Amino acid sequence: MIGFGEAAQAFAAEARAMITAYDRKTDSVVTRAAKQAEADALGVTLANDHATATRDAAIVLSLVTADQALPAARTSAATIPNSTLYCDMNSVAPDTKRAAAAAINAAGGRYVDVAVMAPVHPARLRVPLLVSGDHGEEAATALRAFGFATVRVVDGGIGAASAIKMIRSVMVKGMEALTTECVLAADRAGVLDAVIASLDASWPGADWRARADYNLDRMMIHGLRRAAEMEEVVATLDALGTGSAMTRGTVLRQRALGGLGLAPPDGLTAKIAAIDGDETRNEDKAA
């Protein structure tokens, strides 16, 4: 595993494999001990450098931040053995994956485009994966052996799985941002309950209060990472020439909320209060 953050650890916890991982946080004396403790807790061997992690690997799972996906592939290309399956599981644009594939394949590796199609928690190895590329079938077999339960190969070559993921995120991450913009404004105007009631009336069974609560929770925790992913979505849309105005707004809203560094409290009202800096309000007092 290259990258040993939330996703890698979620997968390692249930994997049927011996795992060696490398994470850039091992390079710093400030963060090394914590990363080592995380690896030890999951029975994972933590390598001191990128080359050690990949040197004898039959399969590499790249699980880094979006901005590091291409650098990680280029670094891996210098050390991976011939015929190693390199599963790029990062949320990046198809063109980024094609550039990474060029580096891996030129080094004798076998690059595979893998899209993780849902949050890794609580699903872990049950999370749906889409796989594309010339080595998709071999990678799907290897990923199932690793323990992944839902792996589907899609046609279209490198970038096909990524395109599905990126374009889907226009809606999923965009709805998060739009919901946040709506409820923050409704609360500031003093009409939050009325707006939610109107939305519920328009979409029976949607439970917009619960949906808004969940969306704010995800953005408060993962907004910065989602913003980086949505930058890749912008690149995807711009390459297609279809326009990215709405998604550019999603980037800004996700980054702004994630950048607050807030731990989300329970309940929609409490989350809005925390975002507004009004800690005197909470769900109990609102009730």
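The values are calculated or read from the model by the stated rules, or taken from the named source; none is laboratory data. What you see is a predicted model, and the numbers here were worked out from it, not measured in a lab. Note: ideal-geometry Cβ built from the backbone for every residue, glycine included; neighbour counts use all protein chains shown.
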* Asked: For the subset of segment 135-154 comprising residues that are touching a helix residue (DSSP H, G or I) at 6+ places or on another chain (Cβ under 9 Å) and more than 29 Å from residue 220 (Cβ to Cβ), which member is surrounded by the most Cβ atoms within 10 Å (Cβ to Cβ)?
  -> 136
* Structure fact -> Those residues of segment 100-116 which are of a type in the set (A, V, I, L, M, F, W, C) and either outside the structural domain of residue 139 (by TED's automatic domain parsing) or surrounded by fewer than 17 Cβ atoms within 10 Å (Cβ to Cβ) (or both) amount to 102, 106
* **Residue pairs meeting the criteria (Cβ under 8 Å; at least 6 apart or on separate chains; first in contact (Cβ under 8 Å) with a residue 60 or more places away in the chain and farther than 21 Å from residue 66 by Cα, in segment 169-183; second among the basic types (Lys, Arg) and surrounded by fewer than 20 Cβ atoms within 10 Å (Cβ to Cβ))** => none
* Within segment 159-166, is even one residue under 30 Å from residue 86 (Cα atoms), outside any helix (DSSP H, G or I) and among the small types (Gly, Ala, Ser)? -> yes
* Under 6 Å between Cβ atoms, at least 6 apart or on separate chains: pull out the pairs that start in segment 43-54 with a residue that is within 18 Å of residue 31 (Cβ to Cβ) and end on any residue that is at pLDDT below 95. => 47/53
* **Subset of segment 180-207 [surrounded by fewer than 20 Cβ atoms within 10 Å (Cβ to Cβ), assigned to a helix (DSSP H, G or I) and under 28 Å from the mean Cα position of the chain (by Cα)]** => 181, 182, 184, 185
* Can you pull out the residues in segment 222-239 that are closer than 24 Å to residue 275 by Cβ and under 12 Å from the mean Cα position of the chain (by Cα)? -> 222, 223, 224, 225, 226, 227, 228, 229, 230
* Which is farther than 29 Å from residue 214 by Cα, more than 23 Å from the chain's Cα centre (by Cα) and acidic (Asp, Glu), of 23, 56, 95? -> 56
* Where a residue in segment 229-246 is in contact (Cβ under 8 Å) with a residue 40 or more places away in the chain and its partner, wherever it lies, is among the hydroxyl-bearing types (Ser, Thr, Tyr) and not in a helix (DSSP H, G or I), with Cβ under 6 Å and at least six apart -> 229/91; 237/244
* **Residues being basic (Lys, Arg) and either without any contact (Cβ under 8 Å) to a residue 24 or more places away in the chain or crowded, with 22+ Cβ neighbours inside 10 Å (or both) - total across segment 155-168** => 1
* Considering segment 6-19 alone, what residues qualify as being surrounded by 18 or more Cβ atoms within 10 Å (Cβ to Cβ) and either of a type outside the set (A, V, I, L, M, F, W, C) or in a loop (DSSP other than H, G, I, E, B) (or both)? -> 9, 15, 19
* To do: Determine whether residue 212 is among the hydrophobic types (A, V, I, L, M, F, W, C) and either under 24 Å from residue 68 (Cβ atoms) or assigned to a helix (DSSP H, G or I) (or both).
  => yes
* Out of 247, 242, 269, report the one residue that is under 25 Å from residue 92 (Cβ atoms) and over 22 Å from the mean Cα position of the chain (by Cα). => 242
* Pull up segment 169-179, narrow it to residues that are surrounded by 19 or more Cβ atoms within 10 Å (Cβ to Cβ) and among the aliphatic types (A, V, I, L, M), then point me to the one that is farthest from the chain's Cα centre (by Cα). => 177
* Asked: Looking at 152, 144, 98, which is the one that is at negative phi and free of Cβ contacts under 8 Å to residues at least 24 places away in the same chain?
  -> 144
